[in-house]
Amino acid sequence: MSHPQHPPYGAPPLPGAHHLPEVGHLVPYGEQPRGVVDADLCDLVRRPPRRYRKERFGRVAEAGLGCLSVVFYFGDYVADLLEDCTWGLIRSLRRLCRGRGLTRGWESRAGRFARAVRGADNDHDNDDVLLLFTDRRILLAGSGSNTPGRTAADRRAVRVLGELPYPDLVRVEPRHTWISSRVDLHFADGSRLALEVDGKELPALVALGPR
């Protein structure tokens, strides 16, 4: 059972302390939370390729479902094709102005981060993530639901999607404009991942980032 420790009475509040009711239970005993940042993957980061997605059916289930599973997979291929032919073209044009949302591929540190977040739901479309900074690491937390106004049950459903050692994150680069809340995370292997971080959350991310 987790027992997160909170700052002593009179100490300044942790950055993003209002998110702690959602994720505080994820901090192991003896580990100190430093703050929480709510972020989203930039929409320039597409779904991971099929080889990185969890199988929707187990092998035994697929054998039983037979043609039905083929229909589901065919539907996935069509959806991917439509995405490439429509939104994919718009995304390509935006990359020319803003740069790629993910560099160095899906096996890079940035790619593994994106895969962990996208994989929070069955369709690998999730973009919502809470960055839980502790005194030891950065936990990626989420429920796979972007629905606002989560209930107490929703908060309990929030789980750890992955973790990031502090040495892996070398720079936080805010790139906000009047139409974009983009922030680029730069990793030790040279990869880069674009997030969308609200202006109210940005100071906490910068303060809690590389150290």
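The values are calculated or read from the model by the stated rules, or taken from the named source; none is laboratory data. Note that the coordinates shown come from a computational prediction; the quantities given were computed from them, not determined experimentally. Note that we place each Cβ from the backbone using ideal geometry, even for glycine, and neighbour counts take in every protein chain shown. Heavy atoms of the whole protein, side chains included, go into the accessibility calculation; ligands, DNA and RNA do not. Shrake-Rupley method; radii C 1.70, N 1.55, O 1.52, S 1.80 Å.
In table form, for the structure just shown:
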read-out: Neighbourhood charge, 12 Å Cβ-Cβ cut-off, centred on GLU107 and excluding it, Lys, Arg +1 and Asp, Glu -1; value: +4
read-out: Solvent-accessible area of TYR166 with every protein chain in place, 1.4 Å probe, in Å² to the nearest 10; value: 20
read-out: Theoretical FRET efficiency, 1/(1+(r/R0)^6), r = Cβ-Cβ of HIS176 and ALA17, R0 30 Å, to 0.05; value: 0.85
read-out: Chain lengthening between ARG137 and ARG159 when straightened (0.36 nm per residue, less Cα-Cα); value: 6.4 nm
read-out: Projected label distance in nm at TRP106 and ASP123, using a 7 Å step from Cα toward the beta-carbon; value: 1.8
read-out: In Hz, Karplus ³J(HN,Hα) per residue of segment 128-134 (6.51, -1.76, 1.60; θ = phi - 60°; x = Gly, Pro); value: 8, 8, 9, 8, 9, 8, 10
